[in-house]
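Peer 1: Take a look at the following structure, please.
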Amino acid sequence: MSQYFHSIRIDPEKCNGRMKCLRMCPTQAIRIRDGKAVIIEEKCIDCGECITVCPHNAIIPLTDPFGESSRFRHTVVMPSPALYAQFGREILPEKILAGIKKLGFDDVFDLAFTCGEVSFAIQEYLREYNGPKPLISNVCPTIVRLIQVKYPALIDQVIPIDTPRELAAREIKKEKSKSLGLREEDVGIFYLTPCPVKMISIKQPAEKGKSHIDGAIAISDFYGPLLSAMEDIEKRSYRESLKSICILGMGWAMVGGICRTLRLKNSLAVSGLNQVLKVFDDMERGKLKNIDFIEAYSCPQGCVGGSLTVENLYISYNKILKLIETLEFEQIKACPDIREVRKLYKEKYFLLEGKLEPRPLTPLDKDLTRAIRKRKEKEQIFKSLPKIDCGVCGAPSCLTFAEDVVRGDAEVGDCIFNLPQKFAELSGELSELLNKSVIARSHKPGIDNPNNKKDE
Amino acid sequence: MSDENIFSQRFEIRGGDFSNAGKTSTSIKEILQEVGIDSSIIIRASIASYEAEMNVVMYAQKAILTLNITPEKLHLRLEDDGPGIENVELAMKEGFSTATEKMREMGFGAGMGLPNIKKNADEFQVISQPGKGLSLDITIYLNSTG
């Protein structure tokens, strides 16, 4: 088994090697080999950009199919708050939760409430913390992996509070097994996910051995059935339904939402992987030290922009924003009791179960002297390349190609611009061979005469 | 030591080019990651090279930054054509800066540049020729923990 589990697979039957993913991948983790895309596992951070860009749907997110819950005696679904932004404005969480339950699950849990608890826990942590700043939110697993791979220097600034989905799953398992007299493993917890990366954070958590969640179902797979299940649910008035919404929890669906609902003044919110890279570069250089907290998401606009959502990300972002504004205006706070949260916080209820460790990429060589030599070699190879990043060799850029060559994963001759040279070498060899054989033949008596051949 | 065990790269830094400021230190960080330098040393090298780079962007026209990596140490040498530093001792004090109001408005010129380099380097030498330029020599040993 490979070292890293990924929630993305490439279907070689469907892949036409069109190189869209090759160019899009922010960590240069894709190569085209024999006309098909392949993923370099240690470089992939599961952001899902390749899934979105592939014109043939050849890149498949490995979520659990809807309806794979029969091995459990009791099933509970927890939707990401991003689900609440996928429908019209009049369809509020209450109705959506009722719809999910109708689809054959034993229970449904409003994760927004736990998100609210964790918002308060973050607030508590920020208050006590006096280490290097800013602290970074760990809600987006892609960002956590990005830090492990590319910014190991920032790893101690990732907030060590567990995510709402993990905390909720842990508590549901405890409660349900107790109240129903079941073993914890008989209670199946399914997360309705806006993105494939949550799937890996379940199969291979970044910091601990095992997740409390049993499966993740794509919001996009769930959408159709849910829409029809909600059709005949009795309608309550808009205002009445607003009363059960935890405003802090709704903030978790979109970028900047945690900071806004907690009213964190000294915070920063960033989304979209390329923008996050810029902010982290600045952070690593020691800038941004006056900022307390950074909310960073790999998907543009936050979880509402996940590749497994249905609604246009700007529309769903706007829906969450409007909902938060309405709740602020109506002064509705169906949120957890902060005193209760403080008590739990003191008991270390919210703390991450393991410790996040860096996951630096394999260097060019284990031996530093050899690595330095290879790095020089890479520079020389790069200088000889056309630097137009055509991708024909199968690498996303000339620079990555040069690296592949020194790592022994590609040959200089794979570059199409080296073809004339390669051709010249080959033809040189060939003519030399021909000459030799001509000389050899001329020593054999009679062979020069075609007539002799006929006689044989 | 034979030359083949030294990796050397030159970077040109342009003064006043705030939009590209930081690119050189990012490139240096990436090179160090590729050869497998310990992350605690990479942090120190990135901060030192960033501060050196910003010094050029703020005060000089042009500079050459040379990175040398050997199996024992990292060495950064920066030579610029700026005004130099009149009083090096003063410039090494935290909080001292000759930055203009405009630079400070942009969040620079807190007087932490040279002190910050010193803090992150094992050896740090400033050679100033007022009116001609400045050269910085930064060494970080690979087996030290700073």
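Any read-out appearing in this document is the output of simple, stated calculations on the displayed coordinates, not a laboratory observation. Fair warning: this is a prediction, and the values are worked out from it, not measured in the lab. As a convention, Cβ positions derive from the backbone with ideal geometry for all residues, glycine included, and neighbour counts pool all protein chains shown.
Peer 1: Using Cα-Cα distances under 8 Å and only pairs 6 or more residues apart, what relative contact order does segment A:365-446 have, in percent?
Peer 2: Rounded, it is 19 percent for segment A:365-446.
Peer 1: I would also like to ask the following. Could you work out the per residue convex hull volume over the alpha carbons of segment A:8-61, in cubic angstrom?
Peer 2: Expressed per residue, the convex hull around the Cα atoms of segment A:8-61 is 64 Å³.
Peer 1: Still on this model: How tilted is helix A:141-150 with respect to the longest principal axis of chain A? Cα atoms for both, answer in degrees (0 to 90, nearest 10).
Peer 2: 40 degrees
Peer 1: Then there's this: Report, to one decimal in Å, the Kirkwood hydrodynamic radius for chain B based on all distinct Cα pairs.
Peer 2: Kirkwood radius, chain B: 15.4 Å.
Peer 1: Per residue, what volume in Å³ does the Cα convex hull of segment A:361-405 take up?
Peer 2: 62 Å³
Peer 1: Would you compute the Debye intensity of chain A from its alpha-carbon atoms alone, equal scatterers and no solvent, and pass along log10 I(q)/I(0) at q = 0.14 Å⁻¹ to two decimals?
Peer 2: Rounded to two decimals, the profile gives -1.36.
Peer 1: Further question on the same structure: Count the DSSP beta bridges whose two residues both fall in chain A, then state the antiparallel fraction as a percent rounded to the nearest 5.
Peer 2: The antiparallel fraction comes to roughly 30 percent.
Peer 1: Let me ask you something else. Which pairs in the list B:LYS73/B:LYS119; A:LYS378/B:LYS29; A:LYS366/B:LYS73; B:LYS62/B:LYS132; A:LYS101/A:LYS333; A:LYS20/A:LYS422 are over 22 Å apart, alpha-carbon to alpha-carbon?
Peer 2: Correct reply: A:LYS101/A:LYS333; A:LYS20/A:LYS422.
Peer 1: Still on this structure: In Å and from the alpha-carbon atoms only, list the Rg and Dmax of segment A:258-348.
Peer 2: Considering segment A:258-348 through its Cα atoms, Rg and Dmax are 16.2, 43 Å.
Peer 1: Taking the Cα atoms of segment A:365-446, report the difference between the largest and smallest coordinate on each principal axis, in whole Å and largest first.
Peer 2: Taking the Cα atoms of segment A:365-446, the three principal extents are 60, 31, 18 Å.
Peer 1: Measure out, as a whole number of angstrom, how far apart the alpha-carbon centroids of segment A:216-266 and segment A:307-341 sit.
Peer 2: First find each Cα centre; the distance between them is then 6 Å.
Peer 1: Moving on. Mean separation of Cα pairs under 8 Å and 6+ residues apart, divided by the residue count of chain B: what relative contact order is that in percent?
Peer 2: Relative CO of chain B lands at 27 percent.
Peer 1: DSSP loop (so not H, G, I, E, B), at most 16 other Cβ within 10 Å: list which GluC sites (Glu not before Pro) in segment B:34-113 pass both filters.
Peer 2: Taking segment B:34-113 and a limit of 16 other Cβ atoms within 10 Å, the loop GluC sites (Glu not before Pro) found are B:GLU72, B:GLU86, B:GLU94.
Peer 1: If I fit a long axis through the Cα atoms of helix A:368-384 and take the longest principal axis of the Cα atoms of chain A, what angle between them do I get, 0 to 90°, rounded to 10?
Peer 2: Between helix and principal axis, roughly 70 degrees.
Peer 1: So what is the relative contact order of segment A:295-365, in percent, for Cα pairs below 8 Å that sit 6 or more residues apart?
Peer 2: Computed value for segment A:295-365: 13 percent relative contact order.
Peer 1: Taking each residue of A:370-378 in turn, how many C-beta atoms of other protein chains fall within 10 Å of its C-beta, and what is the average?
Peer 2: For this peptide, the per-residue mean of nearby foreign Cβ atoms is 6.
Peer 1: Quick check on packing: order A:240-249, A:136-145, A:404-413 by the mean number of other C-beta atoms within 10 Å, highest mean leading.
Peer 2: The peptides rank, most packed first, as A:136-145, A:240-249, A:404-413.
Peer 1: Any chance you could give the angle, 0 to 90 degrees and rounded to 10, that helix A:313-330 forms with the longest Cα principal axis of chain A?
Peer 2: Helix A:313-330 sits at roughly 20 degrees to that axis.
Peer 1: Here's another thing I want to ask about it. So what's the back-of-envelope 222 nm ellipticity for chain A, counting only DSSP H runs of four-plus at -39500 (n - 2.57) apiece and dividing by all residues, rounded to 500?
Peer 2: Calculated from helices alone, the mean residue ellipticity at 222 nm is -13000 deg cm²/dmol.
Peer 1: Express the C-alpha Rg of segment A:29-93 as a ratio against the empirical globular expectation 2.2 N^0.38 Å, rounded to two decimals.
Peer 2: Ratio of Cα Rg to 2.2 N^0.38 Å: 1.62.
Peer 1: Under 13 Å Cα to Cα from A:LYS198, which aspartates and glutamates show up? Leave out anything in the same chain fewer than 8 places away.
Peer 2: Partners within reach: A:ASP46, A:ASP64, A:GLU166, A:ASP214.
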